[in-house]
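See structure below.
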Amino acid sequence: MKVLIVGGGGREHAIAWKAAQSPRVEKLYCAPGNAGIAEVAECVNIGVMEFDKLVAFAREKEIDLTVVAPDDPLAAGAVDAFEAAGLRAFGPRANAAILEGSKAFSKDLMKKYGIPTAAYETFDSAEAALAYLESAPMPIVLKADGLALGKGVLICNTLEEAKAGVQTLMLDKQFGDAGNRIVVEEFMTGREVSVLSFVDGKTIRIMTSAQDHKRAKDGDQGLNTGGMGTFSPSPFYTEEIDAFCREHIYQPTVDAMRAEGREFKGVIFFGLMLTAGGPKVLEYNARFGDPETQVVLPRMKNDIIDVFEACIDGTLDQIELEFEDNAAVCVVLASDGYPEHYEKGFVISGLEKFKDADGYYVFHAGSKFDVDGNIITNGGRVLGVTATGADLKTARANAYAATEWVTFGNKYMRHDIGKAIDEA
Ligand code: AMP
Ligand code: GLY
């Protein structure tokens, strides 16, 4: 069959790499893709929000299955656009992608259906939010309602910081209309875990756990980023926690969406905090995580095309997900200065070393070909170097060793990805 993947980052490279292994795939396309994805798929120069062009391309090439990976096109109805044209697409429709697209929606859903999460209030006006904050306990968390590239969350330690946060989100509109409404949330403490799952509307199948590192600098200092590295599984995600989450969080979320007339088909990514009072939902994402996917898919044994199709067809109950009994670590190689100001256009060398190294992967996040055919840096996050190993410590040592194989101008990485492993 012919498959099209929509997106062009490290997550999409991991999905494309996995899809390319399926014996069922005869031709793989990716729009827009990147220089790494070009090794496993034919890249097509169409943007992820150009639905008309994407649908026309899928028709012309007789694509059998399109996988929409990023949050923006999902929230804006990319899957609806494909379905309206009679084409098969993997991912939630817009009315279900709202699970990520509106934090106010997801908080109200959790409250209505008794799914554990932080206490919160929603505000449409800055005046009301400011009045509420005067007597609220600190620290407190402010979240822009809409999509803000994972950056619309402010942790405020004092009333002054919280007031400044309302100014930033609602009045200065740093994240545009995403900040027209905000959620003000109780501050929670605990370890964070990312859990990815496949959902077919009724049945949910958990992939495996992972942990991200969102801050730019070692020791969780610096600004929030898209993610600087991951490991999987999380040693803190025990069987007891898993059992609790299946009963109180995972299936209830799927059932709640169905009860609301918003049947969810696709990937639900549960951002959890393991608090003293039990696991609670920090956030939902309606898609694969980046860079969680880069450690989860290399451990997955199933043919991912079978799983995508089961989600669309509502037959996920007939599939058991299988994962290797190993571990994986991904270290992101970024451009120095990310997530603020950074330069692009440096030649990347050393990539060929990954070709013959079993258990080592380099997933491209921001790369492209220059006019001479060299692969050059083209983004803040440039590469995700993933390695597997028998256990987390081995995987981490392997991943860091492999980060040395690659060189490019202004190469930057965190040196403490997976530090939490030592505390397990
Ligand atoms: P989110 O995009 O909602 O996952 O938030 C980004 C990050 O902010 C999370 O990964 C947490 O580290 C932190 N965060 C979000 N909500 C809370 C909360 N209620 N209490 C403490 N930290 C939070
Ligand atoms: N790594 C977090 C995310 O994909 O949102």
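The values are calculated or read from the model by the stated rules, or taken from the named source; none is laboratory data. As the structure is a prediction and not an experimental result, all values here were calculated from the model. With ideal geometry, Cβ positions are generated from the backbone for all residues, glycine too; neighbour counts draw on all protein chains shown. Calculation scope for accessible area: heavy atoms of the full protein, side chains included, ligands and nucleic acids excluded. Shrake-Rupley method; radii C 1.70, N 1.55, O 1.52, S 1.80 Å.
Considering the convex hull of the alpha carbon atoms of segment 308-410, report its projected area averaged over all viewing directions, in nm², one decimal.
9.3
Heads up, I need the accessible area for Arg88: 1.4 angstrom probe, whole protein in place, Å², nearest 10.
Its accessible surface works out to 80 Å², give or take rounding.
Under a 10 Å cutoff between Cα atoms, tell me which one of Gly165, Gly289, Gly271 has the largest fluctuation in the Gaussian network model of the chain.
The residue with the greatest mean-square fluctuation here is Gly165.
Non-local amide H neighbours of Gly201 (under 5 Å, H modeled in plane, Pro and chain starts lacking H): which ones?
Amide H neighbours of Gly201: Phe264, Gly266.
Residue by residue, what Karplus-based ³J(HN,Hα) values in Hz, rounded to whole numbers, does segment 382-392 have, using 6.51, -1.76 and 1.60 with θ = phi - 60° and x for Gly and Pro?
9, 9, x, 9, 10, 9, 9, x, 4, 9, 5
If you wrap the chain's Cα atoms in a convex hull and average its projection over all directions, what's the area in nm²? Could you put the intermediate results ahead of the total?
Numbers: hull surface 78.4 nm².
Answer in nm², one decimal: 19.6.
If I take every Cα pair under 8 Å that is 6 or more residues apart in segment 154-279, average their sequence separation and divide by the length, what percent do I get for the relative contact order?
Contact order relative to length: 28 percent.
Pick from Met49, Met138, Met207: which residue has the top mean-square fluctuation in a GNM of the chain where Cα pairs under 10 Å get a spring?
Sorting by GNM fluctuation, first place goes to Met138.
Between Rg and the Kirkwood Rh of segment 1-140, both from Cα atoms, what is the Rg to Rh ratio?
Taking Rh as the inverse mean 1/r over Cα pairs, Rg/Rh reads 1.14.
For the chain, with a Gaussian network of springs between Cα atoms less than 10 Å apart, report the residue from Arg205, Arg246, Arg11 with the top mean-square fluctuation.
Arg246
If the viscosity is 0.692 mPa s and the temperature 37 °C, what translational diffusion coefficient in µm²/s does Stokes-Einstein give for segment 62-126 when Rh comes from Kirkwood over Cα pairs?
Answer from the Stokes-Einstein relation: 244 µm²/s.
What list of ³J(HN,Hα) values in whole Hz, one per residue of segment 178-186 in order, does the Karplus curve 6.51 cos²θ - 1.76 cosθ + 1.60 (θ = phi - 60°) give from phi, with Gly and Pro shown as x?
Here the 3J(HN,Hα) series is 4, x, 4, 10, 10, 9, 10, 10, 4 Hz.
How large, in Å, is segment 1-76 by the Kirkwood hydrodynamic radius built from its alpha-carbon pairs?
It works out to 12.0 Å.
Provide the FRET efficiency to the nearest 0.05 for the Lys27-Lys301 pair, computing r from the beta carbons and using R0 = 30 Å. Don't jump to the answer; show the numbers that get you there.
Values: r = 24 Å, r/R0 = 0.79.
It comes to 0.80.
Could you check the spin-label model distance between Arg215 and Glu352? Points 7 Å from the Cα along Cα→Cβ, value in nm.
4.1
What FRET efficiency would be calculated for the residue pair Glu404, Asn374, taking the C-beta separation as r and a Förster radius of 22 Å, to the nearest 0.05?
That gives a FRET efficiency of 0.60.
Which cross-chain or sequence-distant (5 or more) residues have an amide H under 5 Å from the amide H of Gly7, H modelled 1.01 Å from N in plane?
Correct list: Ala31, Gly33.
Gain in length, Glu83 to Ala164, computed as 0.36 nm per residue apart minus the alpha-carbon separation, to one decimal in nm? Before the final figure, lay out each step's value.
Working: separation 81, 0.36 × 81 = 29.16 nm, distance 4.34 nm.
Gain on stretching Glu83 to Ala164: 24.8 nm.
Just to check I understand the Karplus step: with θ = phi - 60° and J = 6.51 cos²θ - 1.76 cosθ + 1.60, what whole-Hz values come out for segment 340-351, glycine and proline as x?
Listing the rounded values in order: 9, 9, 8, 9, 10, x, 7, 5, 9, 10, x, 5 Hz.
Quote the accessible area belonging to Ile312 in square angstrom, nearest 10, computed with a 1.4 Å probe and with ligands, DNA and RNA left uncounted.
My reading of the accessible area for Ile312 is about 30 Å².
For the charge dipole of the chain, defined by +1 on Lys and Arg C-beta atoms and -1 on Asp and Glu C-beta atoms about the Cα centroid, which residue among Ala327, Gly86, Val195 has the Cα displaced farthest towards the positive pole?
Projecting each Cα onto the dipole axis, the largest value belongs to Gly86.
Could you tell me what percent of the accessible area of segment 248-360 is made up of carbon and sulfur, with a 1.4 Å probe and every protein chain present?
Numbers: 1710 of 4390 Å².
Answer for segment 248-360 is 39 percent, counting heavy atoms of protein chains only.
Can you give the helix-only mean residue ellipticity at 222 nm for the chain, where every DSSP H stretch with n ≥ 4 adds -39500 (n - 2.57) and the sum goes over all residues, rounded to the nearest 500 deg cm²/dmol?
-7000 deg cm²/dmol, from helical runs alone.
What does the accessible area per residue of segment 360-424 come to in Å², with a 1.4 Å probe and no ligands, DNA or RNA counted? Walk me through the numbers on the way to the answer.
Numbers: 2660 Å² over 65 residues.
On a per-residue basis, 41 Å².
In nm, give the distance between the simple-model label positions of Met1 and Glu343, each being 7 Å from the Cα along the Cα-to-Cβ direction.
Each label point lies 7 Å from its Cα, and together they span 4.6 nm.
Using modelled amide H (1.01 Å from N, peptide plane; none on Pro or chain starts), what sits under 5 Å from the amide H of Thr275, excluding residues fewer than 5 places away?
Residues meeting the amide H criterion: Lys280.
Could you list the square roots of 5 times each eigenvalue of the Cα gyration tensor of segment 131-275, that is, the equivalent ellipsoid semi-axes, sorted largest first and rounded to whole Å?
Taking √(5λ) for each eigenvalue gives 29, 20, 15 Å, largest first.
If you roll a 1.4 Å probe over the heavy atoms of the protein chains, what accessible area per residue do you get for segment 1-74, in Å²?
Result: 38 Å² per residue.
If packing is taken as the mean number of other Cβ atoms within 10 Å per residue, what is the order of 361-370, 411-420, 56-65, highest first?
Highest mean packing first, the order is 361-370, 411-420, 56-65.
May I ask for the Rg/Rh ratio of segment 130-184, computed from Cα atoms with Rh as the Kirkwood radius, given to two decimals?
That ratio equals 0.94.
Provide the FRET efficiency to the nearest 0.05 for the Asn45-Asp391 pair, computing r from the beta carbons and using R0 = 41 Å.
Between Asn45 and Asp391 the formula returns 0.45.
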